Amino acid sequence: MSEIKGKFITVEGGEGAGKSTNLDLIKQLLEAAGQQVLFTREPGGTPLGEEIRNLLLGHKHDGMAAETELLLMFGARAEHLSQKIVPALNAGTWVLCDRFTDATYAYQGGGRGIDPKRIQILEQWVQHDLRPDLTLVLDLPIEMGLERAGKRSAPDRFESEAHHFFQNVRERYLDIAKNDPKRVKVIDASLPLTQVQSQIKTVVGDFLSTCV
Ligand code: T5A
């Protein structure tokens, strides 16, 4: 892990916060600054990870134990890190990832109520010292996000959860940002797209200026 040359950027947020909509802009901003960018996502990002994603998001295993869900997330992540993320970073490629371990703290920790200390153990085991260099949390009221996501497709296994689950997810993301303000930047995703994108441009621009 000590040879890492690329930067690792993650995008997080609740359901329908606008991650997919804005990831392309972030990629363009990084490429315009001369970086080679690998775009990927979690859960998923590798053939095995995408199969695990289907198990996690589909309804075939509704009611799976929270611990199973947590371990599957980290199973997919271990594969993703070893097959894709770490080799890219070592080669100097920047990695832009749609969700990463902050989602585990938010969903399995905040949403499912798993003790964050248990998540921390898995994080250290699977990632060693690798953490994102920059994380954007797209934040918006729960009803707004679910309405946006609902217009797009039928609810997956997570989108079918109750309101308090998403409230806990949102609060956990905001706690993460409060506790790590240098790395984690909150974007007000409830605003019209042009205003969301102007906040993103500022955050990414500030980050790039620290990388020269
Ligand atoms: N998960 C993941 C865990 O529980 N633990 C983990 O460790 C990890 C890694 C993954 C699920 O897995 C869980 C969390 C998730 O539930 P996902 O597909 O990555 O699922 O996440 P989703 O939140 O389901 O992603 P979505 O695709 O639903 O939401 P996005 O990408 O945030 O939203 P997007 O861009 O598709 O936008 C939704 C709609 O809103 C519109 C868009 O056009 C689109 O129609 N929109 C706006 N409308 C108005 N104003 C704006 N500013 C808008 N921005 C976007």
Cβ pairs under 6 Å, 6+ apart or interchain, first in the range 63-86 and modelled with pLDDT of 95 or more, second open to solvent by 40 Å² or more (accessible area, probe 1.4 Å) and aliphatic (A, V, I, L, M), ordered by first then second residue, are E79/L48
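Check the range 138-154 and report whether any residue there is more than 10 Å from the ligand (Cβ to nearest atom), open to solvent by 60 Å² or more (accessible area, probe 1.4 Å) and either part of a helix (DSSP H, G or I) or in contact with a strand residue (DSSP E or B) (Cβ under 7 Å, 6 or more places away or on another chain) (or both).
First pass over the range 138-154, keeping only residues more than 10 Å from the ligand (Cβ to nearest atom): 139, 141-143, 154.
Those left that are additionally open to solvent by 60 Å² or more (accessible area, probe 1.4 Å): 143, 154.
Of the ones still in play, those that are also either part of a helix (DSSP H, G or I) or in contact with a strand residue (DSSP E or B) (Cβ under 7 Å, 6 or more places away or on another chain) (or both) are 143.
Within the range 138-154, one or more residues are more than 10 Å from the ligand (Cβ to nearest atom), open to solvent by 60 Å² or more (accessible area, probe 1.4 Å) and either part of a helix (DSSP H, G or I) or in contact with a strand residue (DSSP E or B) (Cβ under 7 Å, 6 or more places away or on another chain) (or both).
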For the range 17-109, give me every one of the helices (runs of 4 or more DSSP H) that falls completely inside it and has 3 or more residues that are under 27 Å from F166 (Cβ atoms), among the acidic types (D, E) and open to solvent by 40 Å² or more (accessible area, probe 1.4 Å). none
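Taking the conditions exactly as written (among the β-branched types (V, I, T), away from the ligand (no atom under 11 Å from the Cβ), modelled with pLDDT of 95 or more and over 15 Å from the mean Cα position of the chain (by Cα)), does I114 satisfy them or not? Steps first, please.
Numbers: among the β-branched types (V, I, T): yes; away from the ligand (no atom under 11 Å from the Cβ): no; modelled with pLDDT of 95 or more: yes; over 15 Å from the mean Cα position of the chain (by Cα): yes.
No.
I'm trying to understand the selection: among the residues of the range 16-59, which are touching a helix residue (DSSP H, G or I) at 6+ places or on another chain (Cβ under 8 Å) and farther than 30 Å from V212 by Cα? Full working, then the answer.
The initial filter retains those residues of the range 16-59 that are touching a helix residue (DSSP H, G or I) at 6+ places or on another chain (Cβ under 8 Å), namely 16-18, 21-22, 25-26, 29-30, 33, 37-40, 42-46, 48-49, 52-53, 55-56.
Once the filter is applied, which keeps residues that are touching a helix residue (DSSP H, G or I) at 6+ places or on another chain (Cβ under 8 Å) and farther than 30 Å from V212 by Cα, the range 16-59 yields G16, A17, P43, G44, T46, L48, G49, I52, R53, L55, L56.
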If I ask for residues that are touching a His at 6+ places or on another chain (Cβ under 8 Å) and closer than 28 Å to G6 by Cβ, which ones from the range 44-72 would you list? G44, G45, T46, G49
Filtering the range 168-196 down to residues that are under 18 Å from L146 (Cβ atoms), of a type outside the set (A, V, I, L, M) and within 17 Å of the chain's Cα centre (by Cα) yields N168, R170, E171, R172, Y173, D188
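For the range 179-192, name all the residues that are under 19 Å from G111 (Cβ atoms) and not in a helix (DSSP H, G or I).
Initial filter on the range 179-192 (under 19 Å from G111 (Cβ atoms)): 179, 184, 186, 189.
Listed by number, the residues that qualify are V184, V186, A189.
Please tell me if I176 is within 19 Å of T104 (Cα to Cα) and either assigned to a helix (DSSP H, G or I) or within 12 Å of the ligand (Cβ to nearest atom) (or both). It would help to see each step written out before you state the result.
On the way: within 19 Å of T104 (Cα to Cα): yes; either assigned to a helix (DSSP H, G or I) or within 12 Å of the ligand (Cβ to nearest atom) (or both): yes.
Considered against the rule, which asks whether it is within 19 Å of T104 (Cα to Cα) and either assigned to a helix (DSSP H, G or I) or within 12 Å of the ligand (Cβ to nearest atom) (or both), I176 comes out as yes.
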Going by what's in this entry, would Y107 be described as more than 10 Å from the ligand (Cβ to nearest atom), closer than 13 Å to G14 by Cβ and either in contact with a helix residue (DSSP H, G or I) (Cβ under 8 Å, 6 or more places away or on another chain) or at pLDDT 95 or above (or both)? no
Could you grab me the full set of residues in the range 187-212 that are out of contact with any strand residue (DSSP E or B) (no Cβ under 7 Å at 6 or more places or on another chain), hydrophobic (A, V, I, L, M, F, W, C) and crowded, with 17+ Cβ neighbours inside 10 Å? V204, L208
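The values are calculated or read from the model by the stated rules, or taken from the named source; none is laboratory data. In this text, all values refer to a predicted model and were calculated from it rather than measured experimentally. Methodologically, a virtual Cβ is constructed for each residue, glycine included, from the backbone with ideal geometry; neighbour enumeration extends over all protein chains shown. Surface areas here come from the heavy atoms of the whole protein model, side chains and all, with no ligands, DNA or RNA. Shrake-Rupley method; radii C 1.70, N 1.55, O 1.52, S 1.80 Å.
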